[in-house]
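Here's the structure we're looking at; comments come further down.
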Amino acid sequence: MKHIFTLVISCLLLLTASSQQWKLITHYNLGAPQCDMGKNIQATHGLQAGVLYQLPAQFKKFSVGLELGVGTYAHKQVEQTFEFNGHPSVVPVNYNSNTFNVNLQARYNLLDEKRFLVVPYINAKAGLYNFYSNVTIEDPHDADGCQALERKNIINDKTFYYSAGGGVQINPSVFSKHKRPGRVMIVLSANATRGGKLDYINTKNLMDAQDVPQPGGKPLNVRFVEASTQSIHEHSVAQVHTSSLRMLEFGAGVILNLGKCKSFCRKAAHSGN
């Protein structure tokens with residue numbers, strides 16, 4: 001997945017080399033889960049990166065683009081106590097839950113960015129959201145206790161989604177005495193994201209004993225073998241929940257105008273001569 005991300009961005013960089021209307025954008029993304037999803041997982045923290053193409057002439061306030069993002073919402077270890085035939089075993093279980101998304105988007109500036117230093121905008125996105133978790137089971141603290149026959153379980157699900165919201169693009173020179181056009185802008189945004197149903201691990205309510213059922217969840221069972229008797233049995237190491245994708249996403253980052261960058265480089269080269 002990381003290699004695909006790098007390849008796409010590299011290709012986009014090559015495409016933008018000869019254009020005055022391409023922009024690169026990258027920002028930190030905070031996703032606050034809502035409704036049922038908000039009861040089961042923590043906020044997601046991630047990085048979004050993409051490219052925007054500003055339409056020419058009378059459509060210059062419109063931009064369209066592609067965006068990719070990766071994030072995480074859980075990385076923790078819980079020591080769970082499993083009991084079989086009255087013999088308890090303490091087993092460390094690691095949870096690592098992440099997200100990946102890709103979208104196409106359209107953006108409309110409410111003001112002319114060549115005339116104003118602070119430009120509000122509205123946008124809409126549509127794409128694919130992927131939630132996936134690795135549950136890794138370590139050896140028990142008690143060597144004679146229960147040992148997992150499966151060391152790693154992967155929960156992976158995805159859904160199409162759409163998102164709508166807006167933000168503001170800020171020229172950093174607005175904070176100085178000298179107002180001037182810039183090739184790097186600060187971007188702040190907020191979007192409401194909606195999608196279909198997803199299966200994911202409830203990482204917000206992890207307990208010492210996952211065998212205790214949680215409302216609305218279904219157990220993720222793993223087979224264990226007791227070292228002394230070689231008896232095989234099952235224990236639940238997580239609770240899998242299903243709900244619709246509902247998030248509020250907040251972003252803070254920068255946008256680089258490649259056209260301005262190109263003009264700036266030509267001016268610098270000319271002055272050097």
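Rule-based calculations on the coordinates, nothing more; no lab input. All figures in this text were calculated on a predicted structure; none of them were measured in a lab. Please note: Cβ atoms are built from the backbone with ideal geometry, for glycine as well, and neighbour counts cover all protein chains shown.
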Response to the item:
Per the rule of 0.36 nm per residue minus the C-alpha distance, extending I154 to K39 adds in nm 39.3 nm
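Once the other residues with Cβ under 10 Å from the Cβ of K61 are scored (Lys, Arg +1; Asp, Glu -1), what is the net sum? Mind showing how you got there, number by number?
Details: positive: K60, R107; negative: D112, E113.
For residues surrounding K61, the net value is 0.
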Practice prompt. Can you tell me how much longer the chain between E138 and A124 gets when fully stretched, taken as 0.36 nm per residue apart minus their C-alpha distance, in nm with one decimal?
Written response: 0.7 nm
Practice prompt. Extending each Cα 7 Å along its Cβ direction at H178 and K60, get the distance between those two points in nm, one decimal.
Written response: 2.4 nm
Worksheet item: Which Rg and Dmax, in Å, describe the Cα atoms of region 2-272?
Response: 24.3, 83
Fill in: Length gained when the stretch D112-Q77 is fully extended (0.36 nm per residue, less Cα-Cα span)
7.6 nm
